[in-house]
Amino acid sequence: MVKNKNITQKMMDFIDASPTAFHVVDNIRKDLVKRDFVELKESEEWDLKPGNYFVTRNDSAVISFKIPKKNYKGFHMIASHSDSPSFKIKENPEMEAAGAYIKLNVERYGGMLCAEWFDRPLSVAGRVLVNKKGKVESKLVNIDRDLLMIPSLAIHMNREANDGYKYNAQTDMIPVFGDKGAADSFFALVAKEAGVKNSDILGHDLFLYNRVKPIFWGANEEFIGSSRLDDQECVYCSFEGFVAAKPKDYVAMHCVFDNEEVGSGTKQGAASTFLKDTIERINDGLGRTRQQYHTAIANSFMISADNAHAIHPNHADKADPVNRPVMNEGIVIKFNADQKYTTDAVSAAQFKVLCQEAQVPFQIFTNRSDMRGGSTLGNISTTQVAVSTVDIGLAQLGMHSPYESAGSKDPEYLSKVSEVFFGK
């Protein structure tokens with residue numbers, strides 16, 4: 001059995017309460033407010049002094065930071081992302097089908113494994129923009145019940161289903177909302193959940209999410225199953241280390257960006273100016289010079305935290321011959337010669353020292369040399385703020401499935417090393 005399940009259970013509870021990027025940020029915000037962090041607005045001037053602060057952008061990205069009492073040397077940052085692959089509800093989504101059903105028109109968000117979305121309970125969450133006395137306000141929505149399903153086509157009607165099938169997002173992946181009696185009721189349901197009138201809804205960012213709860217599994221509960229482990233596992237575990245840390249010489253910054261799954265090229269993504277803007281405003285708000293800004297950047301370090309692939313029990317041949325991460329055997333340091341990951345010899349060495357200080361194991365991931373892997377937000381964010389960066393993650397299976405698996409011991413490892421890092 002896992003010796004310390006506490007942080008893993010809390011992480012699973014956080015994920016269960018965070019069906020979309022908007023909920024991730026809202027739950028972090030609520031936690032920070034309880035801890036007396038000061039909320040800053042990008043649209044207002046910042047009056048800063050040593051203390052704890054946070055700022056959000058688009059309700060789906062958040063940067064939290066702690067300014068130490070002494071004059072700081074630089075910034076210690078951990079960056080992860082709030083979004084996960086899903087299906088986004090289109091405008092005017094209701095569609096009649098076969099004279100018997102009402103479906104919801106959706107489009108793919110990110111690169112998901114399609115097959116795993118079939119025949120499981122789904123619902124809808126996100127935000128709606130509403131008219132409140134002539135002003136536009138954002139309201140979170142989570143229809144917290146089994147609402148939708150994407151039915152698979154029976155084997156009798158698709159004999160090639162087990163021989164490899166290319167799913168069509170417009171024909172195969174459309175969820176059923178109800179029978180004919182459900183017509184014209186979807187936004188009424190959303191409005192009721194938001195506590196507004198249907199006519200008040202001006203816009204929406206709504207996504208499907210898997211309703212299956214997170215669980216411990218395995219002979220000794222050594223594994224966990226959950227939606228959105230990529231990348232809410234890194235978001236939560238690094239946040240635990242952040243709130244526990246007491247920085248001495250560096251500004252501790254916990255950064256959660258949106259839209260990593262679609263390239264990060266948005267105002268709230270890692271390719272945006274969000275991080276750079278925040279660092280510059282910290283520098284200016286404390287009366288530091290431009291020269292001090294540049295020296296602080298040169299002394300800074302970022303950990304790009306986005307989950308990694310564990311060696312697969314049925315497909316070990318897909319892993320590198322030598323570097324083969326295993327769940328529960330420590331934090332994964334990720335390398336790629338084409339710089340899909342930013343890790344180099346210097347940043348890897350620095351991170352290994354951190355792991356040794358935290359008494360946390362680490363392991364190495366590289367792709368097979370004949371296989372192209374994914375990328376993450378580290379190399380994207382450094383185009384805006386050029387600092388030494390290491391790419392890391394926790395080993396998992398089924399990445400980009402609506403229900404993924406990981407090790408139940410690993411969350412504690414990331415929390416510990418994050419606390420050491422942020423406490424510098």
Q: Could you please let me know if M149 is surrounded by fewer than 18 Cβ atoms within 10 Å (Cβ to Cβ) and either at pLDDT 95 or above or under 16 Å from L208 (Cβ atoms) (or both)?
A: yes
Q: Inspect all residues belonging to segment 172-192 and state whether any of them is assigned to a helix (DSSP H, G or I), of a type in the set (V, I, T) and modelled with pLDDT of 95 or more.
A: yes
Q. Where in segment 1-84 are there strands (runs of 3 or more DSSP E), lying wholly inside it, with at least 2 residues that are touching a strand residue (DSSP E or B) at 6+ places or on another chain (Cβ under 9 Å) and of a type in the set (S, T, Y)?
A. 51-57
Q. Which residue, of V62, V38, is buried (at least 21 other Cβ atoms within 10 Å of the Cβ) and not hydroxyl-bearing (S, T, Y)?
A. V62
Q) In segment 97-126, what residues are over 23 Å from R145 (Cβ atoms) and assigned to a strand (DSSP E or B)? A) E107, R108
Q: Could you check, for segment 115-132, whether at least one of its residues is farther than 25 Å from A98 by Cβ, surrounded by fewer than 18 Cβ atoms within 10 Å (Cβ to Cβ) and within 25 Å of the chain's Cα centre (by Cα)?
A: yes
Q) Scanning for something surrounded by 16 or more Cβ atoms within 10 Å (Cβ to Cβ), out of contact with any Lys or Arg (no Cβ under 6 Å at 6 or more places or on another chain), in contact (Cβ under 8 Å) with a residue 24 or more places away in the chain and more than 21 Å from C234 (Cα to Cα), does segment 295-302 turn up at least one residue? A) yes
Q.
Out of the residues in segment 303-333 meeting the condition of being of a type in the set (D, E) and touching a residue at least 12 places away in the same chain (Cβ under 8 Å), tell me which one is nearest to E357 (Cα to Cα).
A. E329
Q) Within segment 1-30, which residues are surrounded by fewer than 16 Cβ atoms within 10 Å (Cβ to Cβ), touching a helix residue (DSSP H, G or I) at 6+ places or on another chain (Cβ under 8 Å) and closer than 19 Å to G241 by Cβ? A) N4, K10
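The values are calculated or read from the model by the stated rules, or taken from the named source; none is laboratory data. What you see is a predicted model; the values in this text were computed from it and never measured. Backbone-built Cβ (ideal geometry, glycine too); neighbour counts: all protein chains shown.
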